[in-house]
1. If you scan region 113-147, which residues turn out to be among the basic types (Lys, Arg) and not in a helix (DSSP H, G or I)?
2. Could you list, in sequence order, all residues of region 148-161 that are surrounded by fewer than 12 Cβ atoms within 10 Å (Cβ to Cβ) and assigned to a loop (DSSP other than H, G, I, E, B)?
3. Pick out the one residue from Gln23, Gln55 that is modelled with pLDDT of 90 or more, exposed (fewer than 13 other Cβ atoms within 10 Å of the Cβ) and in the same structural domain as Thr86 (by TED's automatic domain parsing).
4. Give me the residue from region 449-466 that is surrounded by 12 or more Cβ atoms within 10 Å (Cβ to Cβ) and out of contact with any Phe, Trp or Tyr (no Cβ under 8 Å at 6 or more places or on another chain) and, out of that set, modelled with the highest pLDDT.
5. Gln381: within 54 Å of the chain's Cα centre (by Cα) and at pLDDT below 85, yes or no?
6. Please tell me if Asp164 is loosely packed, with under 11 Cβ neighbours inside 10 Å and either under 25 Å from the mean Cα position of the chain (by Cα) or not in a helix (DSSP H, G or I) (or both).
7. Being under 35 Å from the mean Cα position of the chain (by Cα), modelled with pLDDT of 80 or more and either β-branched (Val, Ile, Thr) or not assigned by TED's automatic domain parsing to the domain that holds Ser153 (or both), is that true of even one residue in region 302-310?
8. Would you please list the contacts, defined by Cβ atoms under 8 Å and residues six or more apart or on different chains, that run from a residue in region 293-311 that is over 16 Å from Gly439 (Cα atoms) and part of a helix (DSSP H, G or I) to a residue that is at pLDDT below 80 and among the charged types (D, E, K, R)?
Amino acid sequence: MIKGGPALNFAPLPEFDPQEIYQAVFENSRDAIGLSQAGKHVFVNPAYCKMFGYQSNQELVGRSILDLIAPCQRSQIQKYVKMRETGEDPPNFYETKGLRKDGSTFDMEVTVSSYLKNGGVYTLVILRDISEHNRALELLTESESRFRILAESAPIGIFFLDNDENCLFVNSRWQEITGLKLHEYLATGWLNLIHPEDREFVIQEWTAQLPRTGQFQLEFRFLRRTGETRWISMRVSSIANIYEDVLGFVGTLEDISERRQSENQLKSALEEREVLLREIHHRVKNNFQAIMSLLNLQMRKLKNPELKKILQISRDRIRSMALVHEQLYESQNMARIDLQKYLRQLTRELTVLYQETPNLRIQLSLEALHVPLEQAMYCGQLFTEILANALKNAFPEPPESPEIQIVLRSAGSRIELEMQDNGIGFRPDFRIEHSTTLGLRLILSLVSQLQGDYQVSSENGLHWKVTFPLASPASEAQPTR
């Protein structure tokens, strides 16, 4: 009784018969339990019968224990039985193969104890079927063997780290790339092999990527023991169990030094090519400028207005081509021309040269489109011919509000260029395909060069609509001429 507290009354404990407890354990055990004397079964529990495929212990009592042992193992078990009978000390724990009633065999684990009773030696065995366990071990061994064969024949380095990032395995290719053996790697650690200039960045990426994504991927420089620097690509993935606990990491290592060298050489070659192309476009533009200057000098000396007009038109056509090379020289993209910027600049220059109509308003609606050099050249010449013709001929008697509208837009895989004025237009009986003037014939030729179509109408002024396909990479490589 606890002093100062209430009295506690406990129910009396029931009396247990030890024999009943032993009997209950024996009958209900999931392990096979059997008792034998002189190599003969004395009694067995239900789990024992079930393990060997028998219905009751009556089928086994009195039978030799060797009847339940696979033939290949009987001599060994017989030896153990005789050792116990003579008082020797055979193994108390071992594995062997059992033989079921249907003739099938299985792996079993045997725990043995012996005791004396009434002058006789009795042997108590506890058996467990370990077939599935052993099969799992075999599969694991086979899997490990396949992995090692695969890892050793892989063209890339492979390594395993535990959860504390200690190395557990590296393959031969890893050792070739790093120039280290496994024991050397364990002594130095992989971080010490990283180039000093890259080490801090690699550590930052490692600690940032792995916890967040379970992945790590980076290219960096690696220092071999000889002092040689190699570029490597490392990929690492975490290994987790079904509870998503990280158990370790598996990684690959690839020597990309040659690829890096090729990339640097290619980059240098491309930079040199770009410089060369810029210089070429610059010189072509200068040559065009020289030709235009010569034409201007010639025009000043001419007194014939018709000849001056012809030279002026030729000069303007050359200018439209020179402007393409000028844009390429100034552009970051050496393959394509900004068509919006190109046509806008052509409009400004042609307006300065040809506008004689008071209060003329030019409305531009130009979509930002980029086209290859050759397509831009044809489009610029076409644009020059149509706009110059409108500026020179559309308004002999200007209307109250003279206007030219220019539209550039994409329509799916095609480009549409429209130009409309509110001038006099063509005569009602005029057919452009029958025209003999150089300008109109040049327009039709340029539309054909662009693989395009055109529509022209002369209601309320002249309205041109030209559509042509936007050049694809294939057509850029082989432009239509």
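The values are calculated or read from the model by the stated rules, or taken from the named source; none is laboratory data. Since this is a predicted model, take the numbers as computed values, not measurements. Virtual Cβ from ideal backbone geometry, glycine too; neighbours counted across all protein chains shown.
1. Result: Lys117, Arg128.
2. Pro155
3. Selected residue: Gln55, the only one of Gln23, Gln55 that is modelled with pLDDT of 90 or more, exposed (fewer than 13 other Cβ atoms within 10 Å of the Cβ) and in the same structural domain as Thr86 (by TED's automatic domain parsing).
4. His463
5. Here the answer is yes, as Gln381 does meet what is asked.
6. yes
7. No - not one qualifying residue is present in region 302-310.
8. What qualifies is Leu295/Arg315; Asn296/Arg315; Met299/Lys308; Met299/Arg315.
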